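So the structure is just underneath, and the comments pick up after that.
Read the figures in this text as sums done on the coordinates, not as results from a lab. From a predicted model like this one, the values you see are computed outputs, not experimental measurements. Here the Cβ positions follow ideal geometry from the backbone for every residue, glycine too, while neighbour counts run over all protein chains shown.
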Amino acid sequence: MNLFYSVALSVFLLNQPALAQDLLKPASPAESPDIDAGPATEMVSEPVMRATGTIEALDRERGVVTIAHGPVPALKWPASTMEFQARREQLEGLAVGDAVQIGFQSEGDEAAIVSIDKH
């Protein structure tokens, strides 16, 4: 019996480095969320900003909507009129003059619509 315990203990102790190595391996990176692939979603910034405004122009072919929006305090943006990238599907049912609430991500001086809803 003493030999059995010695062998069992040896096997247990020899397996510990292998288990420790598994714990030290970096976890496989989680895939980044894909909002819906397309030019309007190439930017990756956090968090999603919110603003309200009025649609001034729509260019469905280019995937661009021009919105006169209120201030965005989190970005220290004053009220202004600017272009936002958007997917064609996001622009369906919208028209110039519509009051909207938008969720967007920005990087530098570019912004992409994450969500857009008529108000």
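Amide H contacts for Asp98 (H built 1.01 Å from N in the peptide plane; partners 5 or more residues away or on another chain; cut-off under 5 Å): Ile55.
Here the label points at Glu56 and Ala79, each 7 Å from Cα along the C-beta direction, are separated by 1.3 nm in the simple model.
Peptide packing for 70-77, 102-109 was compared via the average number of neighbouring C-beta atoms within 10 Å per residue; ordered from the highest value, the list is 102-109, 70-77.
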